[in-house]
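What follows is one structure encoded as structure tokens, with my remarks underneath.
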Ligand SMILES: [Zn+2]
């Protein structure tokens, strides 16, 4: 199986391909197209997956957005879905928050998720659950500004509708709290679609903790 962030790489490369097909220089197009198709193939090959029959369908100058989306959904079968934490695990991750519920998994696109993030607009909060480098669930929550602005997300590093996320951290020396944060995608589903490297998520977590 490939990881959700690798699948995000595939999606990014397919949109690059669609852009190339629209431009009018056939020679340059062909060279660029071959590079991108190779990059897509590599993502699957390094994970021992034969997705060649699906990937070949991208090799088509008349490829439409809809057709590309349907090939992408065929490729979803090769993606490892995000493992949802149990109710007990969620309780353990957020001991201070009572009766916290994650969004129901049937409303989530688990193959498109490197992390689970959801908002509680009434409390101006965002909750995040992810697995760290040793495959252990970690949780974090913080204030999320209700005001969205156009800007770059500190997690996926894409331009998007972002909002200021602030995490309360205890400073070691005197026990007082400080707030650390940055602008991140307001909608974590959008963020996950652009998150092409899990290290970007870990870097963000380190930065705000
Ligand atoms: Zn983002």
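Taking the fewest neighbouring Cβ atoms within 10 Å as the starting point, the ordered list for 105, 15, 53 is 53, 15, 105. Ranked for footprinting exposure by Cβ neighbours inside 10 Å, fewest first, 196, 48 give 48, 196. Shown for 127, 202: other C-beta atoms within 10 Å of each C-beta, ranked fewest to most, produce the order 202, 127.
Averaging the sequence gap over all C-alpha pairs within less than 8 Å and six or more residues apart, then dividing by the number of residues, gives the stretch 51-209 a relative contact order of 16 percent.
Principal-axis analysis of the Cα atoms of the chain puts helix 65-75 at an angle of about 70° to the longest axis. Over the residues of the chain, the helix contribution to mean residue ellipticity at 222 nm works out to -11500 deg cm²/dmol, using -39500 (n - 2.57) for each DSSP H run of at least 4. Please give the helix 198-208 orientation as an angle from the longest Cα principal axis of the chain, in degrees from 0 to 90, rounded to the nearest 10. Relative to the chain, helix 198-208 is tipped by roughly 30 degrees. Answer rounded, prolate or oblate for the chain, using the Cα gyration tensor with square roots of eigenvalues a ≥ b ≥ c: rounded when a/c is under 1.5, else prolate when a/b is larger than b/c, else oblate. Here the chain falls in the prolate category.
Relative to the longest principal axis of the Cα atoms of the chain, the long axis of helix 26-45 lies at roughly 50 degrees.
Just so you know, all these numbers are worked out from the coordinates, no wet-lab data involved. Fair warning: this is a prediction, and the values are worked out from it, not measured in the lab. Methodologically, a virtual Cβ is constructed for each residue, glycine included, from the backbone with ideal geometry; neighbour enumeration extends over all protein chains shown.
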